[in-house]
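The values are calculated or read from the model by the stated rules, or taken from the named source; none is laboratory data. From a predicted model like this one, the values you see are computed outputs, not experimental measurements. Positions of Cβ are backbone-derived with ideal geometry, glycine not excepted, and every protein chain shown enters the neighbour counts. SASA here: full protein model, heavy atoms, side chains in, ligands and nucleic acids out. Shrake-Rupley method; radii C 1.70, N 1.55, O 1.52, S 1.80 Å.
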Amino acid sequence: MYRVLLVEDDARLAALVTEYLHAYRFEVMVVSDGSRALERFRGFCPDIVVLDLMLPGMDGMEICRQLRAVSATPILILTAREDTYDQVAGLEVGADDYVVKPVEPRLLLARLRALLRRAAPVADVEVESDDGLAFGQLRIVPRDRMVFWRGAAVELKSNEFSLLLILARGAGRVVTRDEILQQLRGIEFDGIDRTVDVGIYRLRKRFEDTDGEPQRIKTVWGRGYLFSPSAWEN
């Protein structure tokens with residue numbers, strides 16, 4: 001499930017877009033006041049931002065400029081103008097694409113999917129099947145709950161295996177602590193629980209990822225963890 005931060009003050013349009021995207025397994029957070037967009041971005045950690053340009057509090061151009069200064073998260077702008085002024089200006093301050101209002105939900109969905117594909121790193125990964133997932137020297141077989149590293153079986157505790165599988169299935173994108181805890185235990189991260197951090201530390205030790213800055217399972221500060229699909233070749 002991808003996270004979308006929708007910055008839009010038109011409540012009717014926001015509700016329409018949210019309902020449509022929910023049907024395609026997107027989680028949507030709506031922000032109607034531009035002055036709160038940056039704060040919500042930091043707290044929600046979205047995979048993509050949909051940004052109206054005409055907003056109260058802070059206009060979309062300035063939000064886009066400030067977001068791009070601190071993040072490479074894809075940004076799609078919504079513009080009510082059919083001429084090229086807003087479109088070009090938005091792209092120049094850091095937006096990745098645009099959709100002209102009135103918004104056609106199917107077109108918006110297609111543009112979001114295209115941006116997410118472009119943002120995802122190229123991965124040497126097999127499609128999950130009965131044989132499992134493969135990343136270079138790592139193979140995970142969910143059916144048998146087994147892991148092979150450099151040709152040898154690796155013994156993992158049940159919660160370590162589950163954590164590794166959650167990360168691997170989200171390879172190439174940041175997986176938040178909330179997502180991990182929801183899948184592991186059905187609870188939200190309360191800011192105190194260190195279960196995930198301890199599990200990550202143990203996985204890094206098992207897969208020799210503790211020298212210097214971790215490369216296989218990376219920490220993305222303020223967001224979560226990223227399983228790097230290209231870091232398991234040796």
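Filtering A123, A110 for residues that are within 18 Å of the chain's Cα centre (by Cα) and either modelled with pLDDT of 90 or more or of a type outside the set (A, V, I, L, M, F, W, C) (or both) leaves a single hit, A110.
In region 26-105, counting only strands (runs of 3 or more DSSP E) that sit wholly within it, the ones holding 3 or more residues that are open to solvent by less than 10 Å² (accessible area, probe 1.4 Å) span 48-52, 75-79. So the check is Cβ under 8 Å with 6+ separation or different chains; which pairs have a first residue in region 3-20 that's without any contact (Cβ under 8 Å) to a residue 40 or more places away in the chain and a second one that's surrounded by 16 or more Cβ atoms within 10 Å (Cβ to Cβ)? Sorted first by the residue in region 3-20, then by its partner, the pairs are A11/S32; A14/L6; A14/E8; A14/V30; A14/S32; T18/L6; T18/V28; T18/V30. In region 160-179, the residues that are on the phi < 0 side of the Ramachandran plot and part of a helix (DSSP H, G or I) form Cβ pairs under 9 Å with partners that are surrounded by 20 or more Cβ atoms within 10 Å (Cβ to Cβ) and among the small types (G, A, S), at six or more places apart or across chains, as follows: E160/G199; S162/G199; L163/G199; L164/G199; R177/G224; D178/G224; E179/G224. The condition of being under 26 Å from T176 (Cβ atoms), out of contact with any Phe, Trp or Tyr (no Cβ under 6 Å at 6 or more places or on another chain) and among the hydrophobic types (A, V, I, L, M, F, W, C) holds for only one of A15, A11, A89, A80, that being A15. For region 4-14, the set of residues classified as surrounded by 14 or more Cβ atoms within 10 Å (Cβ to Cβ) and farther than 17 Å from R113 by Cβ consists of V7, E8, D9, D10, L13, A14, listed by residue number.
When the residues of region 140-156 are filtered to those that are free of Cβ contacts under 8 Å to residues at least 40 places away in the same chain and not in a strand (DSSP E or B), the one that is surrounded by the fewest Cβ atoms within 10 Å (Cβ to Cβ) is G151.
In region 192-219, of all residues being assigned to a helix (DSSP H, G or I), closer than 17 Å to T176 by Cα and open to solvent by 50 Å² or more (accessible area, probe 1.4 Å), the one that is modelled with the highest pLDDT corresponds to Y201.
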